[in-house]
Protein chains: 2
Amino acid sequence: MKPAALDALDRRLLDLLQQDAGRSLESLAGEVALSAPAVQRRIRRLREGGVITGEVVLVEPAAVGLPMTFVVIVELERERADQIDGFRRKAAAEPLVQQCYYVTGEGDFVLIAQARDMDDFEALTRRLLFDDPNVRRFRTSVVMGKPLRGTAVPAGHAG
Amino acid sequence: MKPAALDALDRRLLDLLQQDAGRSLESLAGEVALSAPAVQRRIRRLREGGVITGEVVLVEPAAVGLPMTFVVIVELERERADQIDGFRRKAAAEPLVQQCYYVTGEGDFVLIAQARDMDDFEALTRRLLFDDPNVRRFRTSVVMGKPLRGTAVPAGHAG
DNA sequence: CGACCGGACGCAGGATTTTTGCGCGTATTG
DNA sequence: CAATACGCGCAAAAATCCTGCGTCCGGTCG
């Protein structure tokens, strides 16, 4: 978990792996002009250094019966550290909540959530928001169309 | 790209792979009480059916020099379909923009973006927002602390 | 100025994993 | 009740990953 300074090759690898983590070491090696073991060692270092934090499969929400996406802006009654943390924990415990941002300005939290339908979402708001006395108010936006989703950060961008 | 009805095993696999896509087929097979080839065939079907849309590595933004996260709510002047699409395209072309939601209510778009620092973010807002005459106004929220990020959807949740 | 040290590389062999072909059992359909 | 289709497990083949080792480069210290 040390900083470990990334060079241009590391960044290239990060960009490639953020597009497709399934490629073979050989294929990556060819792209960055290195041998397969060298690529593997670099990737391992990036993992151990905490730069790469995981490797996951992307699932189309609609395909598993959760076609609706919501953006919820939540305002809390009091912004005490333990309450902030409490709410964050509760939100994280909800599988339908994909992302949870604690923000300045406009409200206190911004949530991104999935749901099967309106009823499903309403049940979520009840559990997470209505029943929590510390939630002052919240505003829900329904996402239309297929959103641009992603977690990729441009590693080659700067340093 | 057909619906292809998911059974309980498919859903278990999806949940497991959304946590860690790096596991061996053997290990997955043990967990769901199936043989490795059976697991592999299911995963392939899920890919071909469009349920699994990709496999990526997760990168810690701070580690590549992009420690700041922003939530931006954007209002457009006119909500004509081609303008909506135009803005969406412009946003998607910005590597720093991770997510872009077109929503009802509160503004028209919600963006999640990364940046190295305030100047970096300001440059982004200039390119994407100030210079676009179709952007009426926008509100920026800075994300504090480490947000809960993720793209995992609970496959076992419903059907 | 030269020797030492650390770090990263490529190569090659061995271990693991993935992939394919095949035969079997079960469920569905005519 | 027979025929077909689908999915499974097994076992071997193919591909990939992983490790150990020798080498090279760059910085440092005597």
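The values are calculated or read from the model by the stated rules, or taken from the named source; none is laboratory data. Treat the numbers as computed from the prediction; the structure is a model and nothing was measured. All Cβ positions, glycine included, derive from the backbone under ideal geometry; neighbour counts span all protein chains shown. All accessible areas refer to the heavy atoms of the entire protein, side chains included, with ligands and DNA or RNA removed. Shrake-Rupley method; radii C 1.70, N 1.55, O 1.52, S 1.80 Å.
Please compute the per residue accessible area over chain A with all protein chains in place, 1.4 Å probe, rounded to a whole number of Å².
Per residue, chain A has 48 Å² of solvent-accessible surface.
Residues of A:139-146, mean number of Cβ from any other protein chain within 10 Å of their own Cβ, rounded to a whole number?
Per residue, the average neighbour count from other chains is 5.
Using Cα pairs under 8 angstrom and six or more residues apart, how large is the relative contact order of chain B, in percent?
Reported as a whole number, the value is 27 percent.
Let me know the mean shielding of B:65-72 by other chains, meaning the per-residue number of their Cβ atoms within 10 Å of its Cβ.
4
So the label point sits 7 Å from Cα along the Cα-to-Cβ vector; using that for A:Gly22, what distances do you get to the other copies, in nanometres, sorted shortest first?
Here the equivalent label points are 1.8 nm apart from this one.
Viscosity 1.002 mPa s, temperature 20 °C: what is the translational diffusion coefficient of chain A from Stokes-Einstein with a Kirkwood Rh over Cα pairs, rounded to a whole number of µm²/s?
In µm²/s, the coefficient is 116.
If R0 is 22 Å, what FRET efficiency do you get for B:Asp131 and B:Arg78 from their C-beta distance, rounded to 0.05?
Computed FRET efficiency for B:Asp131 and B:Arg78: 0.85.
Relative to the longest principal Cα axis of chain B, at what angle does helix B:36-48 sit, 0 to 90 degrees, rounded to 10?
30 degrees
How fast does the range A:61-142 diffuse by Stokes-Einstein, in µm²/s, taking the Kirkwood radius from C-alpha pairs at 37 °C and 0.692 mPa s?
257 µm²/s
If you put a point 7 Å past Cα along the Cβ direction, how far is that point for B:Glu77 from the same point in each other copy, in nm, smallest first?
Reported distances to equivalent positions: 4.5 nm.
At a Förster radius of 51 Å, what calculated FRET efficiency corresponds to the Cβ-Cβ distance of B:Arg47 and A:Arg139, to the nearest 0.05?
0.85
Give the aspartates and glutamates whose C-alpha is closer than 15 Å to that of A:Lys146, dropping any in the same chain fewer than 8 places away, or say none.
Leaving aside aspartates and glutamates fewer than 8 places away in the same chain, those within reach of A:Lys146 are A:Glu60, B:Asp85, B:Asp108.
Measuring from a point 7 Å out along Cα→Cβ, what nm distances, shortest first, does B:Arg126 have to its partners in the other copies?
Label-point separations across copies, in nm and ascending: 5.1.
Between A:Glu94 and A:Arg23, what FRET efficiency comes out of the Förster formula 1/(1 + (r/R0)^6) with R0 = 45 Å and r the beta carbon distance, rounded to 0.05?
0.85
From other protein chains only, count the Cβ atoms within 10 Å of every residue's Cβ in B:37-49, then give the mean.
Per residue, the number of nearby Cβ atoms from other chains is 1 on average.
What is the helix-to-structure angle for A:8-19, meaning the angle in degrees between its Cα long axis and the longest Cα principal axis of chain A, kept from 0 to 90 and rounded to the nearest 10?
The two axes meet at around 50 degrees.
Just add up the charged neighbours of B:Cys100: K/R +1, D/E -1, any other residue whose Cβ is under 12 Å from the Cβ of B:Cys100.
Around B:Cys100, the surrounding residues sum to +2.
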